[in-house]
Structures are given as structure tokens and as C-alpha cells.
Amino acid sequence: MDENGEPIPYSILNPPKDITPAMTREWFPWSFPEYQSPALDAKQRYPRMTWTKESRLEYENKVEWLHQAKYGIFFHFLSGGEWTPEEWNAWVDAVDVERVADQAKEVGAGYVIITLGQNQIYACAPNPVIEENWGTYTSKRDLPMDLYKALKKRGIPMMLYYATDNFHMMPTPDSLKGKPGYEKWVEVAKWYSNHYGDKCKGWWVDGLTDFYPGYCLDIHNALKEGNKNALVASGQYELSEFVHGHCQPNWERQHKVVKPFYGRWDPDFGIQWQVFQYIGSTWGEASTAWNEQEIVDYVTDVIRGGGVFTFDLGTFDVDCFYDLKKYPTGKREDGSRIGPRLEIYPNQMEVLMKVRDRVKDIPVSDGISDFAK
């Protein structure tokens, strides 16, 4: 701490001048005007975490597996375009989870995260609460469960993504508009949590804000109902158990400023530092948009600094997920279907292998320089 009681960044990663803890988290809590609303001021509703010696030890033990993982991979498995339930089920049924689990093992991924759903209507798992209240916008196959079984054989934990703000963009009846819908969405979360139980090691939560007073806490508690040791991260840092880490679009700033300059534990909230970065030019994009050496160096610095790195990988067989705007029905001119893939594209595989080879012998760290010790 300096003379004013403010945290001082460690020298190990050569921090930029005037860096602050909030800058190392960068994007979240949402700082852009278009995302602002009175409900987003979580500090008015949720007190910052306070620790006893016992609760701190319990937390550090609970999060240790994530720290040891070093890095993991994330898949936006989303429908895109127009589907019938039959088409969606056929697509999900065709996914080869053994193949992607083999790839995850080969690249040294410490965990795998998959979306249950987000903003493209369909989910890749059953959920009776959705089916009873919104309709048949779920798959019959439980893809995350099958993925978990394949990953377990290879010793790789699974985490899940949960969107909290838009009901997956499903057509929503008037009776579920506003608070009644969000209360029902808490029930959706509870069902998923109890269904996956300790098979889900953690949740990356998107879009979380108080759509009614206490919604954020209700979602947080719902996702831990089936496994109290599951780690939950969201933009509401008073509730979060590791840094949400949503990257920002400016790569030059991202890979130079968003690093664990203060070490493993975020000094504002005391939680495990983590960053979530796409390899392509945006989410779900299958290119390698950034200089490969810069990516490898960035991941290396994050791990040396005590952080954890999550790669968002390409999932669509078009240049970019958002290129689906060119194909509003989700089909090409020849009628062939465009849909999500649960596999690592060769170009991104190459980058991940370089990361693996660079960091495999780097021990996990608290990110404290010898001088700081």
C-alpha cells in the first residue's frame, strides 16, 4: 500500500504508469454509457465481500483448481438463423464430444466452458422450466452432460455459461414480460444447477443486473444450489468469485493494460484474477485476428502474474458469427445449413499449441515479485 492506503502494482509484469485495479478489469463493471441504468449500481445493494480467516481459507481452497488450470477454452454453441426444433435437434445430435475432448486435452486446456444458450433462441440442453413456459426451444440431447462425460475421462473440468438478461431471445408471452419472467428465469437457473450438480465446476454469468431488486443475488444463489462449491463470476463483483474478465475490443489496450499487475488476487475484491479473450476478431469468430506472438506473450504474462486465461474460440463455419447477418435464415445460397461447431479450428489449434508449449513449465504464481515479497 502507498501512503494513502492504495494498492501498489508489483513490478514483475512491468506495469504501465498510473495503472489502477479497475483498469486491469477494464470492461466490467459496465462502464460505457449505453449499458448504464440505475439498476447496474450493485454497490448500493450488495455489500462488498468481507473475509474472516476461516472464510478466506475456504475460498482460496475452493478456487485453487482454477488457479492451477492456468488457461481454458470457451465455446459459444449458439444456433443462429432460423431453425425448426427438428433441425436443431438433428444438429446437436451430430456433435462429436469425444473429438472436442481430445482436442482440449491436446492443447492442454485446464477447463472447458460451453454456453447453454444466449441470444439465438435455442438451448443445447433440456430444461423443463423453459419448455413449460416458453416452448420447445431446447434440445432433446443434453450436450453439456455428454461433454462433461467426455472431458471427465480426460481429467478436464467443465464450466457453464448462463445468460441472465434476455431469455435467450425466445418469443416471450405477455405473462412473462418484466419481473415474472425474470423470477421464472431464476427457476431455470436452479434447474440447471441441480441437474448438473458437482459436474459443473463454475458459471460464467452474462448480462447480470437487477431487473428487479435482488435479482442478481437470486441468480447467484440459484446457480450454487446444486453445488455450493461451484465458482460463479459475473459483472457484479460484490457477488463474483473470480474476475469476470470480459475483454474489450481494443486489442492494443487489452493485451498491454488488462493484466494481473497486482497479482493473483484482485485488490478491490480479493478474488482470483481472470481474463476472457477471443482469439478471432470478436466472439465466436474462427480466425486468428491478433499477432500470434502477442497472444502467447499475453497469456504468459497473465500466468506469471497469478492470473487465469480463458480463450473464446471460433464456433461457426463462416468467417464470423456475426456474418450470419448476411445469411438471416442461417442457410447459404445453395440451401446448406450454417450452424455452430464444437471443435477447435486448425488455425486456432495452432495458436493454442504454441501457448501450451510456452507455459507448460511455468509454475503457477501469486504474481508477487521477489522485491515485493
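Out of Trp83, Trp88, which single residue is over 30 Å from Val243 (Cα atoms), open to solvent by less than 10 Å² (accessible area, probe 1.4 Å) and hydrophobic (A, V, I, L, M, F, W, C)?
Working: Trp83 fails: open to solvent by less than 10 Å² (accessible area, probe 1.4 Å).
Only one candidate passes the filter, namely Trp88.
When the residues of the stretch 227-239 are narrowed to those that are within 21 Å of Gly72 (Cβ to Cβ) and in contact with a strand residue (DSSP E or B) (Cβ under 9 Å, 6 or more places away or on another chain), which ends up modelled with the lowest pLDDT?
If we filter the stretch 227-239 for residues that are within 21 Å of Gly72 (Cβ to Cβ), which is where we start, we get 227, 229-235, 237.
So of that shortlist, the ones also in contact with a strand residue (DSSP E or B) (Cβ under 9 Å, 6 or more places away or on another chain) come out as 227, 229-235.
Details: Asn227: 98, Asn229: 97, Ala230: 98, Leu231: 98, Val232: 98, Ala233: 96, Ser234: 92, Gly235: 86.
For the stretch 227-239, the residue satisfying everything is Gly235.
Can you pull out the residues in the stretch 187-213 that are outside any strand (DSSP E or B) and modelled with pLDDT under 95? Reasoning before the result, please.
To start, the set of residues in the stretch 187-213 that are outside any strand (DSSP E or B) comprises 187-199, 207-213.
Scanning the stretch 187-213 gives Gly207, Leu208, Thr209, Asp210, Phe211, Tyr212, Pro213.
If you take just the strands (runs of 3 or more DSSP E) that sit entirely in the stretch 228-345, which of them hold at least 2 residues that are farther than 23 Å from Val107 by Cα and not charged (D, E, K, R)? Before you say what the answer is, go through the steps one by one.
Working: elements: 231-233, 274-278, 308-313.
The strands (runs of 3 or more DSSP E) meeting that bar are 231-233.
Among the residues of the stretch 205-225, which ones are open to solvent by 10 Å² or more (accessible area, probe 1.4 Å) and under 19 Å from Val112 (Cβ atoms)?
Asp206
Which of (1) over 30 Å from Lys184 (Cα atoms); (2) touching a residue at least 40 places away in the same chain (Cβ under 8 Å); (3) surrounded by 19 or more Cβ atoms within 10 Å (Cβ to Cβ) does Lys256 not meet, given it meets every other one?
(3)
The values are calculated or read from the model by the stated rules, or taken from the named source; none is laboratory data. Because the structure is predicted, anything quoted here is derived from the model rather than measured. All Cβ positions, glycine included, derive from the backbone under ideal geometry; neighbour counts span all protein chains shown. We work out accessible area using only protein heavy atoms, side chains counted, and drop any ligands, DNA or RNA first. Shrake-Rupley method; radii C 1.70, N 1.55, O 1.52, S 1.80 Å.
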